[in-house]
Amino acid sequence: MSVESKTTARNYSSMPVTIAEGKGSWVKDTDGKWYIDCLAGYSANNFGHLHPEIVEVAHHQLDTLTLTARAFMNDRLGAFTDAVSELTGKDLVLPMNGGAEAVETALKTARKWGELVKGIPEDRTEIITARNNFHGRTISIVSFSDDEDAYKNFGPKTPGFIPVEYGNVKELEATINENTAAVLMEPIQGEAGVIIPPDGYLQTVRELCTKHNVKLILDEIQSGFGRTGKTFASEHWNVNPDMYILGKALGGGIMPVSAVAANEDFLGVLKPGEHGSTYGGNPLAAAIGTKAVELIQRGEFQEKAKRYGEQLRERLSDMQNRNIGIVAFRSIGLWAGIDIDPSLKTGKQMCLDALQEGILIKDTHGSTVRISPPLNIGSMDLDVAMTRFEKALER
Ligand SMILES: Cc1ncc(COP(=O)(O)O)c(C=O)c1O
């Protein structure tokens, strides 16, 4: 069965598998072969494919009302923003669709807050970002990417973003100045290969931001919603950002739902007409997002990520100790970045071999692959997945 049609633009180099069905942690291709999904839509499928409670809510909402646009109020939006507000402890929630849109929302809010509240002269606002970040694909976001594929030939870059080394507090402190409105970071860098910051780093970033009247914006789009064993990855270091950026699992693996959450003094700077999106906060998205928040509030997915995460770490340590091709790995909760011995194979080759063994994984870059199965994968399926991973390594 063909992978893609000639009409599909070539902005992805998809793996040679055409998926037609999904259930829990499993997906079936068009030839009827089942795979264990250890990418989970880059953490969008944290609750697994077709979680029955999310599907039920979606079906009901599909039969009731799906879109009004924000020109009018809809009866599902308030419950959604209340739920996200309660989850994050923030006063205000602004819903958008994809992750990059929510990041753009954060950047615009920071710029406006910088000028209006902090008193930064017009068009001089700076936002500090981290090197090796991944925050999405818009022109402004790729302007502070270090990945040549992401920014080359898409210039000119949007000015006003100052990258610093992730994990280096000295460089951060030296870079903050009176024009700095915000620091934008991932609490754990997912696409960079699940890079966990050194202990104390995020707390110091928080302290520096507070000291210099700079807003701390944490992009929890991939790291949040239970992935690391906590609701938000920043909780591992007891860091409370001024703004959370959420996406992926907020849409329950069903549709793009994203949001930013912050207090009145920050997000309150946006006034009617200054920002928005036709589909942002639509009733279908709001109903699904409310259910996703309800599921994560139960705490069961965080517990599972912790428990199965230990199992994942044990299996990876064992493989590393037996010198069968893992040079190093980093893991937290049910999330691992694994560096394959480059003399053995590339990350891409590892993913192709894994496909043959019946497990879906994806390389981040070079010889690094990432594992991020649905959080409710279950011990037995995780065991099968890791056995298949090992076989793929030895192929
Ligand atoms: C940390 C982070 N931020 C933002 C994004 C962009 O999200 P989207 O692809 O929904 O625009 C991603 C996607 O992988 C991400 O991992």
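The values are calculated or read from the model by the stated rules, or taken from the named source; none is laboratory data. Because the structure is a prediction, the values reported are computed rather than measured. Positions of Cβ are backbone-derived with ideal geometry, glycine not excepted, and every protein chain shown enters the neighbour counts. Heavy atoms of the whole protein, side chains included, go into the accessibility calculation; ligands, DNA and RNA do not. Shrake-Rupley method; radii C 1.70, N 1.55, O 1.52, S 1.80 Å.
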Can S14 be described as in contact (Cβ under 8 Å) with a residue 12 or more places away in the chain, within 16 Å of the ligand (Cβ to nearest atom) and either among the hydroxyl-bearing types (S, T, Y) or loosely packed, with under 12 Cβ neighbours inside 10 Å (or both)? no
Among (1) away from the ligand (no atom under 16 Å from the Cβ); (2) in contact with a helix residue (DSSP H, G or I) (Cβ under 9 Å, 6 or more places away or on another chain), there is one condition G41 misses while meeting the rest; what is its number? (1)
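Identify, from the list G253, G273, G280, G337, the residue that is farther than 30 Å from R111 by Cα and outside the structural domain of G378 (by TED's automatic domain parsing).
Within the list G253, G273, G280, G337, the selection yields G253.
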From the set of residues in region 204-214 that are open to solvent by 10 Å² or more (accessible area, probe 1.4 Å) and β-branched (V, I, T), which is farthest from the ligand (Cβ to nearest atom)? T210
Among strands (runs of 3 or more DSSP E) lying entirely in region 1-113, which contain 2 or more residues that are over 24 Å from C351 (Cα atoms) and either in the same structural domain as F266 (by TED's automatic domain parsing) or among the acidic types (D, E) (or both)? 92-96
Given the options A79, A20, name the one that is within 16 Å of L355 (Cα to Cα) and open to solvent by 40 Å² or more (accessible area, probe 1.4 Å). A20
Looking at this structure, is D91 in contact (Cβ under 8 Å) with a residue 60 or more places away in the chain, surrounded by fewer than 23 Cβ atoms within 10 Å (Cβ to Cβ), away from the ligand (no atom under 16 Å from the Cβ) and among the charged types (D, E, K, R)? yes
Quick check on region 215-231: of everything there that is among the hydrophobic types (A, V, I, L, M, F, W, C) and in a loop (DSSP other than H, G, I, E, B), which residue is farthest from the ligand (Cβ to nearest atom)? F225
Give region 68-93 a look and list any residue that's of a type in the set (A, V, I, L, M, F, W, C) and either over 17 Å from N282 (Cβ atoms) or touching a helix residue (DSSP H, G or I) at 6+ places or on another chain (Cβ under 7 Å) (or both), or say none. L77, A79, F80, A83, V84, L87, L92, V93
Residue by residue through region 94-109, note down the ones that are more than 8 Å from the ligand (Cβ to nearest atom) and among the aliphatic types (A, V, I, L, M). L94, M96, A106, L107
The conditions are (1) farther than 19 Å from E104 by Cβ; (2) of a type in the set (D, E, K, R); (3) open to solvent by 10 Å² or more (accessible area, probe 1.4 Å), and R227 fails exactly one of them. Which is it? (3)
When residues of region 360-395 are filtered for being in a strand (DSSP E or B), touching a residue at least 24 places away in the same chain (Cβ under 8 Å) and closer than 23 Å to F225 by Cα, how many remain? 6
